[in-house]
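Each remark here refers to the structure printed beneath this line.
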Amino acid sequence: MELVSLFCLLMSLNGILWKGFIMQIRNKNFGFTLAEVLITLTIVGVVAAMTLPILINKINDYQFKVAYKKAYRDVNEAYRMMMTTDDEFEEIVCPEGGCFNLAFGRNFKLLAKQFKAVKTCFDFGSKYKCLKCPDHLSHECYSTYASAFIDNSGRVWAMYYEMESPFYVDTNGDKGPNLTGKDRWGFYLPTPRNNNTHKNFIIPAYDYDITTKSRSCTSGDCKYKSWLE
């Protein structure tokens, strides 16, 4: 509200200056005083300072959204290709209540072939050679026992843990901001159970938006659902 009030005040001052400009035209006096020029420049500067950060954030969010949707589409296409063309693919059926299986890690490594990976980090403890992790507090950085790879477009894909379904993508490599909800997103490898849940396709880590900062949403604004609509 304070910003709105300030903006309205600045616009009022600007209107007064324009009225003065019209009066000068009528009086055939086209010059501006130094004070008028300085006030106008100040108003322009303040308005720019108020609006540019908002505009830049909107542009960045749009780019993050497009990259997230593309990653989701690409990984599902790669998974379908892997299921139908790779003889090493293993279908995993999980019982109710949880599922730990090294086949998750093996299938994840097969995805690297579909993405024509330019770098693989499959050895124990080598995950961080692919994925930038300044700390190990976020989910995607938590476990060292997890594979990762960089695809031919520069995106980083990394498992949460080698024996579990969750994995993450960093849509712009290590450029930053390296936050879930911005350039990093979580997904689940298919884990069909007795109710046949997402048997043949990958799903986002959450089917709702997260608006609080946590280990699973380090940006504090993870539009897992609405950005895919």
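No value in this document is a laboratory result; all are computed from the given coordinates. Given the structure is predicted, the values throughout are model-derived calculations rather than measurements. Glycine also receives a Cβ, built like all others from the backbone with ideal geometry; neighbour counts cover every protein chain displayed.
Sorted from fewest to most neighbouring beta carbons within 10 Å, what does the list Phe64, Phe115 look like? Please list the in-between numbers first.
Working: Phe64 22, Phe115 18.
Starting with the residue having the fewest Cβ neighbours, the order is Phe115, Phe64.
Taking K and R as +1 and D and E as -1, what net charge do the other residues with C-beta under 13 Å from the C-beta of Phe122 add up to?
Details: positive: Arg106, Lys109, Lys113, Lys119, Lys127, Lys129; negative: Asp123, Glu162.
Summing Lys/Arg as +1 and Asp/Glu as -1 gives +4.
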Treating only Lys and Arg (+1) and Asp and Glu (-1) as charged, each at its beta carbon, one finds that region 118-229 has a dipole about its Cα centre, in Debye to the nearest 20, of 40
From fewest to most C-beta neighbours within 10 Å, the residues Ser219, Ser165 line up as Ser219, Ser165
Stretched fully, the stretch from Phe201 through Thr42 gains (0.36 nm per residue minus C-alpha distance, one decimal, in nm) 51.7 nm
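Scan region 76-122 for trypsin sites (Lys or Arg not before Pro) in coil per DSSP, keeping those whose Cβ has at most 16 other Cβ atoms within 10 Å, and list them by number.
Working: sites: Arg80, Arg106, Lys109, Lys113, Lys116, Lys119; in loops: Lys116.
Those satisfying the criteria are Lys116.
Can you bin region 63-228 into rounded, prolate or oblate? Criterion: square roots of the alpha carbon gyration tensor eigenvalues sorted a ≥ b ≥ c, rounded for a/c under 1.5, prolate for a/b above b/c, oblate for the rest.
Working: a/c = 1.39, a/b = 1.19, b/c = 1.16.
It comes out rounded by the Cα gyration axes.
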Full extension between Tyr142 and Ser214 adds, at 0.36 nm per residue less the Cα distance, a length in nm of 24.6 nm
Between Lys113 and Arg80, the two model label points (7 Å from Cα along the beta-carbon direction) sit apart by a distance in nm of 2.0
